[in-house]
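Structure record follows, encoded as structure tokens.
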Amino acid sequence: MKLTKIQRKRQKKVLTLIYTQSPISRIDISKKTGITPAIVSDITSELIKGKLIEEIGEENDREVKSGRKKILLTISSKHSFYVGIELSEKFFSFVICDNKGEIFEKEVILSSKYRDGLSTELFYEACKSFITKFKHYDPKAIGMALPGHFYEEKQGIQTNNPFWEYFVFDQLPEYFCGPIYFSNNVECMAISERLFNNIPNDDNYSILHVGRGMFCSSIYNGQLYGLTNVVIGEIGHVIVHPDGELCECGKRGCLQTYASESWIIKKSQLLYDNSTVTYLRQLCSERNQLSIEIILKAYQLGDEGIINILHNAIKYLAVTINNLGMIIDSRYIIIHGQLFTETQLYALLQKYIEQNITLLSTEKKQNILLKDYRETNGAVAAVGLCINRMLLS
């Protein structure tokens with residue numbers, strides 16, 4: 001049955017609510033959307049017929065109430081499958097996920113396994129192999145989480161990192177005939193947190209990613225904030241020390257010169273070259289092989305130079321997070337990054353944030369959540385991008 005424009009809009013509104021707040025009853029959907037109970041019933045019946053949603057039983061309410069119990073609805077598993085891909089300087093990750101973000105197949109290509117590192121040729125070879133190998137899932141779309149913004153004219157990545165200058169995606173349609181969606185990796189994660197995790201169950205939150213670069217994406221009133229301005233989210237270029245080090249953007253004291261992985265590695269290499277007491281020399285035979293994993297091991301061993309570098313990074317990151325709460329209404333800030341696999345660093349971040357002197361005694365405490373770091377996170381998030389574009393937009 002072909003839907004009218006209004007019917008399609010209502011259906012997407014209902015489906016979005018079930019994705020973000022399930023399990024939920026029909027009457028609660030009606031209350032939250034303003035759509036009449038009769039129309040909600042018709043919409044959910046069609047979605048059940050299409051196997052997009054399913055009933056999971058009655059609401060388990062401890063309060064004794066008169067009348068019928070609410071029947072709860074949730075998203076059905078395995079309705080459709082999607083390919084999610086993330087590009088990083090450290091790895092290429094590929095996943096096959098269903099419409100609930102559950103991983104059915106995955107593959108991670110690590111830069112450390114290749115003498116010459118990652119390349120466009122390696123990406124296309126791995127991508128074609130993965131899609132061909134798992135074509136029996138009949139994926140409906142490909143989502144790509146990029147370390148920057150998608151440059152449509154060039155079919156590449158808009159970034160100041162020369163590593164990505166020659167990465168173009170014009171060959172993808174040669175072996176995949178479905179839709180292909182591109183977006184910034186952190187924006188993908190912001191979208192997928194609502195769809196796949198239901199935590200935070202809120203329309204306003206931010207996700208701050210600490211990687212080779214840094215980016216912060218916000219969901220405001222249920223929508224990605226600042227999509228028309230490419231500099232929105234470039235939190236790594238917020239100045240935290242006016243007389244600090246010179247950033248590649250031309251400013252001094254940018255947050256990323258203290259807290260990004262690339263600058264932490266850069267400073268650790270200087271320590272490697274000039275310190276006689278660092279543990280880095282025992283953990284790594286060459287300065288160019290230094291990685292976040294090795295730096296965290298040195299931190300665990302009590303390397304004073306590394307402790308100083310990382311604690312400075314956490315201090316300035318905490319300052320920025322505290323400032324975020326005064327700029328945008330983010331009721332949660334989700335932190336993501338390999339750095340925080342070291343639990344002491346996350347505990348220190350929480351401590352610094354709590355030490356913040358508030359302007360108002362009534363100000364609510366900033367809620368910080370840690371997203372577990374996995375190399376497939378961005379690829380799964382890219383599947384969230386597919387769901388958002390194909391089913392909810």
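The values are calculated or read from the model by the stated rules, or taken from the named source; none is laboratory data. Note that the structure is a prediction, hence the values are computed from the model and not measured. Note that each Cβ is placed from the backbone with ideal geometry, even for glycine, and that neighbours are counted across all protein chains shown.
Quick notes
- Within the stretch 246-265, restricting attention to residues that are over 21 Å from Ile321 (Cβ atoms) and within 25 Å of the chain's Cα centre (by Cα), the residue that is surrounded by the fewest Cβ atoms within 10 Å (Cβ to Cβ) is Glu248.
- Test: residue in the stretch 45-66 that is among the small types (Gly, Ala, Ser) and under 30 Å from Pro173 (Cα atoms): yes
- Only one entry of Asp303, Asp329 meets the criterion of being closer than 20 Å to Tyr205 by Cβ and among the acidic types (Asp, Glu), and that entry is Asp329.
- Among the residues of the stretch 318-340, those identified as farther than 25 Å from Gln223 by Cα and over 16 Å from the mean Cα position of the chain (by Cα) are Ala318, Val319.
- Test result for Gln269, under 20 Å from the mean Cα position of the chain (by Cα), of a type in the set (S, T, N, Q) and modelled with pLDDT of 95 or more: no
- Test: Glu375 is among the charged types (D, E, K, R) and surrounded by 17 or more Cβ atoms within 10 Å (Cβ to Cβ): yes
- When residues of the stretch 216-241 are limited to those that are polar (S, T, N, Q) and in a loop (DSSP other than H, G, I, E, B), the one nearest to Arg252 (Cα to Cα): Asn229
- The set of residues in the stretch 90-115 being outside any helix (DSSP H, G or I), surrounded by fewer than 18 Cβ atoms within 10 Å (Cβ to Cβ), modelled with pLDDT under 95 and in contact with a helix residue (DSSP H, G or I) (Cβ under 9 Å, 6 or more places away or on another chain) consists of Tyr114 alone.
- Considered as a group, the residues in the stretch 44-73 that are touching a Lys or Arg at 6+ places or on another chain (Cβ under 8 Å), farther than 19 Å from Asn99 by Cα and not in a loop (DSSP other than H, G, I, E, B) include one that is modelled with the lowest pLDDT, and that residue is Glu58.
- Among the candidates Gln289, Gln355, Gln338, residue that is without any contact (Cβ under 8 Å) to a residue 40 or more places away in the chain and within 26 Å of Gly117 (Cα to Cα): Gln289
- Scanning the stretch 291-329 for residues that are outside any helix (DSSP H, G or I) and either out of contact with any Ser or Thr (no Cβ under 6 Å at 6 or more places or on another chain) or modelled with pLDDT under 95 (or both) yields Ser291, Leu301, Gly302, Gly325, Met326, Ile327, Ile328, Asp329.
- If only residues of the stretch 147-172 that are touching a Pro at 6+ places or on another chain (Cβ under 9 Å) and surrounded by fewer than 18 Cβ atoms within 10 Å (Cβ to Cβ) are counted, the one that is nearest to Arg389 (Cα to Cα) is Thr159.
- For the stretch 338-354, residues that are acidic (Asp, Glu) and either surrounded by 15 or more Cβ atoms within 10 Å (Cβ to Cβ) or under 13 Å from Val210 (Cα atoms) (or both) total 1.
- Pairs are defined by a Cβ separation below 7 Å, a sequence spacing of at least 6 or placement on different chains, a first member in the stretch 139-159 that is within 11 Å of Val83 (Cα to Cα) and in contact (Cβ under 8 Å) with a residue 40 or more places away in the chain, and a second member that is aromatic (Phe, Trp, Tyr) and in a loop (DSSP other than H, G, I, E, B); the pairs so defined are Ile142/Phe176.
- Any hit, the stretch 132-146, residues being surrounded by 15 or more Cβ atoms within 10 Å (Cβ to Cβ), in a helix (DSSP H, G or I), at pLDDT 95 or above and not assigned by the TED database to the domain that holds Ser217: yes
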